[in-house]
Amino acid sequence: MLRKMDFDSPIIDTHVHFWDFDKFKYQWPTAEDKVLFRNFLPSDYADATKDVPAVKNGIFVQVHNGTVEENDWVLKFAEKHKWIVGLVGWVDLKDPDVESVLKHYAQNDRFVGVRHITELEPPDWLGREEIHKGLAIVEKLNLTFDLLLRPQLLDYALQLADKFPNLTLIIDHLAKPKIKEKEIEEWKVKMSKVASYPNVYCKLSGMVTEADWEKWKPSDLKPYVKHCVESFGASRCMFGSDFPVFSFTTATYKDVVYALCECLKDCTTSQEREDIFCHNAARIYKIKAPLNNTNLKEF
């Protein structure tokens, strides 16, 4: 695999999680998830990324359905850890006061968008009118919405993209295709349809956990990455590590970065790779916080 980046810009990791079982009671992860069933905090992320010094900026993505206290917790971290340049938080989209709640958080330059773990909800959750009322407020306030989907639910992405043309929709983890099973054709058709909407973007993240945890290799991921780049265009794709969820697998943080480099080298230019690892995230998430810089090429 590649052992250096061919550009100078600092990496923005668009998909970072923390959790603290001493502070919150989570629906996921659970004791069955073993390797993930412990606290993961900014210090753990620093340890994971120490071999990849080009990673200078990160965006936290919500883990907890059910409390805005997680937003406050992460915003406190961001006061100390300036590398946390964005927060994709949680709000109750059904709350009659959701607009005032979102306006409160949007005053903080780290708060960039909203996500809800839809896998913990009934399959039709994203199609409900009460949810759409909340998303209309997200759109109105010019915030983003991360879509955590599997391929069978991609029709909801089409519905939302059509109904909310000014809402920035970001598909997490390529919609979790079944990489281990090499199921790709139906996923490709659905992703191409979603990509036809210019307000939908794709996060190149979470792939190793959909591949064979023990035997995965970059070539397993490459057809999926290539299709996303071809369908969305490099300007609508972003890098995300999905820390620490990749710990289910044999992959390290460094492996995750290298794997995406390898997948991109034949289907993108150097400038496009720089955009995917840095500039696109700043633009798509409308990051207002100062970015931490580096001129490092090799890591």
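Restricting attention to region 13-57 and to residues that are aromatic (F, W, Y) and over 21 Å from the mean Cα position of the chain (by Cα), the residue that is most open to solvent (accessible area, probe 1.4 Å) turns out to be F21. Does region 275-291 contain any residue that is polar (S, T, N, Q) and in contact (Cβ under 8 Å) with a residue 40 or more places away in the chain? Yes, because at least one residue in region 275-291 is polar (S, T, N, Q) and in contact (Cβ under 8 Å) with a residue 40 or more places away in the chain.
Identify all residues within region 197-211 that are more than 22 Å from K265 (Cβ to Cβ) and open to solvent by 20 Å² or more (accessible area, probe 1.4 Å); write none if there are none.
Kept after step one, since they are more than 22 Å from K265 (Cβ to Cβ), are these residues of region 197-211: 197-200, 209.
The answer is Y197, P198, T209.
So that you can scan it fast, the table gives a plain yes or no per residue for (1) touching a strand residue (DSSP E or B) at 6+ places or on another chain (Cβ under 9 Å); (2) among the small types (G, A, S); (3) not in a helix (DSSP H, G or I):
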position	(1), (2), (3)
K215	no, no, yes
S231	yes, yes, no
M238	yes, no, yes
T250	no, no, yes
D266	no, no, yes
I276	yes, no, no
A281	yes, yes, no
I287	yes, no, yes
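Taking interchain pairs and intrachain pairs at least six residues apart, which have beta carbon atoms under 8 angstrom, with the first residue in region 8-34 and closer than 16 Å to V63 by Cα and the second basic (K, R) and buried (at least 21 other Cβ atoms within 10 Å of the Cβ)? Sorted first by the residue in region 8-34, then by its partner, the pairs are T14/K203; H15/K203.
If a residue must be open to solvent by 80 Å² or more (accessible area, probe 1.4 Å) and either without any contact (Cβ under 8 Å) to a residue 24 or more places away in the chain or over 19 Å from the mean Cα position of the chain (by Cα) (or both), how many such residues does region 166-186 contain? Show your work before the answer.
Residues of region 166-186 that are open to solvent by 80 Å² or more (accessible area, probe 1.4 Å), as a first pass: 166, 178, 180-183, 185-186.
Cutting the leftovers down to either without any contact (Cβ under 8 Å) to a residue 24 or more places away in the chain or over 19 Å from the mean Cα position of the chain (by Cα) (or both) gives us 166, 180-183, 185-186.
Residues that pass the stated criteria total 7.
Evaluation of F248 against the conditions (1) in contact with a Leu (Cβ under 9 Å, 6 or more places away or on another chain); (2) among the hydrophobic types (A, V, I, L, M, F, W, C); (3) buried (at least 18 other Cβ atoms within 10 Å of the Cβ) shows that the sole unmet condition is (3). Go through the residues of region 281-295 one by one and say whether even a single one is touching an Asp or Glu at 6+ places or on another chain (Cβ under 9 Å), of a type in the set (A, V, I, L, M, F, W, C) and closer than 16 Å to I171 by Cα. Yes, there is a match, as at least one residue in region 281-295 is touching an Asp or Glu at 6+ places or on another chain (Cβ under 9 Å), of a type in the set (A, V, I, L, M, F, W, C) and closer than 16 Å to I171 by Cα. When K265, K254 are checked against the criterion of being touching a Leu at 6+ places or on another chain (Cβ under 7 Å), open to solvent by 60 Å² or more (accessible area, probe 1.4 Å) and touching a residue at least 60 places away in the same chain (Cβ under 8 Å), a single residue qualifies: K265.
Filtered by the rule that a residue be in a helix (DSSP H, G or I), within 21 Å of L204 (Cβ to Cβ) and open to solvent by 40 Å² or more (accessible area, probe 1.4 Å), region 137-152 gives a lone residue, Q152. Confirm whether D72 is open to solvent by 20 Å² or more (accessible area, probe 1.4 Å), in contact (Cβ under 8 Å) with a residue 24 or more places away in the chain and closer than 21 Å to V114 by Cβ. Against the criterion (open to solvent by 20 Å² or more (accessible area, probe 1.4 Å), in contact (Cβ under 8 Å) with a residue 24 or more places away in the chain and closer than 21 Å to V114 by Cβ), D72 does not qualify. Restricting attention to region 187-226, the residues that are in contact (Cβ under 8 Å) with a residue 12 or more places away in the chain, β-branched (V, I, T) and closer than 17 Å to I171 by Cβ total 4. When region 101-136 is filtered for residues that are free of Cβ contacts under 8 Å to residues at least 12 places away in the same chain and part of a helix (DSSP H, G or I), the ones remaining, listed by number, are H104, W125, E129.
The values are calculated or read from the model by the stated rules, or taken from the named source; none is laboratory data. Source: prediction; values computed, not measured. Cβ coordinates were reconstructed from backbone atoms using ideal geometry, including for glycine residues, and neighbour counts include every protein chain displayed. All accessible areas refer to the heavy atoms of the entire protein, side chains included, with ligands and DNA or RNA removed. Shrake-Rupley method; radii C 1.70, N 1.55, O 1.52, S 1.80 Å.
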